[in-house]
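Note sheet for the following structure.
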Ligand code: PRP
């Protein structure tokens, strides 16, 4: 299908290969994830930690679907830089200020690709002695050789394409698209 004029305005005229997950599909799955998380934490008292920047849209939609008391904080790590291949050199750029010890932590990630980012973060978070630690990922490419902790809550299995939109970027572009599209 040809891109609409509105889509081309949003991408600065650059055509994406195809839309992989459209807005409605994402919204429905996020609603379901909210219900799963609500059921999994009957007492609430949850600290939702969003991994920036990629999770910012997913996290904001997700927390509005969790019907439990919770707090939100963020982590900033970076691995890709401006390339399309994960460098594996994961840097923690911002550390949450909230006390993590004794908390139920739900780490929210946009996509699990090589798993290097999560493996590094899971190690760092476990050192803070949370009461529990689980992962909620919107997308999972299932290419990681080893994961310290599998995502307990998962949106979609993702194709091994370079995906953009709904928070995911290429060289910082396309994060604002309301759908997820492939660039390759
Ligand atoms: C991307 C993405 C994930 C991570 C996944 O983040 O948002 O956090 O890479 O890759 P991995 O499983 O191979 O480690 P990026 O470093 O590009 O930063 P961003 O979230 O600011 O886009």
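Okay, here's what the table says:
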item: Region 91-110: number of residues that are over 17 Å from residue 45 (Cβ atoms) and surrounded by 23 or more Cβ atoms within 10 Å (Cβ to Cβ); result: 2
item: Qualifying residue in region 136-143 (condition: out of contact with any strand residue (DSSP E or B) (no Cβ under 8 Å at 6 or more places or on another chain) and closer than 17 Å to residue 55 by Cα); result: no
item: Residue tally, condition in contact (Cβ under 8 Å) with a residue 60 or more places away in the chain and either loosely packed, with under 13 Cβ neighbours inside 10 Å or under 16 Å from the mean Cα position of the chain (by Cα) (or both), over region 26-46; result: 5
item: Residues of region 122-142 satisfying the condition of being surrounded by fewer than 16 Cβ atoms within 10 Å (Cβ to Cβ) and part of a strand (DSSP E or B); result: 132
item: Residues satisfying the stated conditions in region 27-60, i.e. assigned to a helix (DSSP H, G or I) and within 16 Å of the ligand (Cβ to nearest atom); result: 56, 57, 58, 59, 60
item: Search result, residues across region 161-172 that are within 11 Å of the ligand (Cβ to nearest atom) and not in a loop (DSSP other than H, G, I, E, B); result: 163, 164, 168, 170
item: Total residues in region 143-160, condition in a loop (DSSP other than H, G, I, E, B), within 14 Å of the ligand (Cβ to nearest atom) and surrounded by 14 or more Cβ atoms within 10 Å (Cβ to Cβ); result: 7
item: Filtered residues of region 86-116 (kept if at pLDDT 90 or above, within 15 Å of the ligand (Cβ to nearest atom) and touching a strand residue (DSSP E or B) at 6+ places or on another chain (Cβ under 8 Å)); result: 107, 108, 109, 110, 111, 112
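The values are calculated or read from the model by the stated rules, or taken from the named source; none is laboratory data. This one's a predicted model, so the numbers in the text were calculated from it and none came from an experiment. Reconstructed Cβ throughout: ideal geometry from the backbone, glycine too, with neighbour counts over all protein chains shown.
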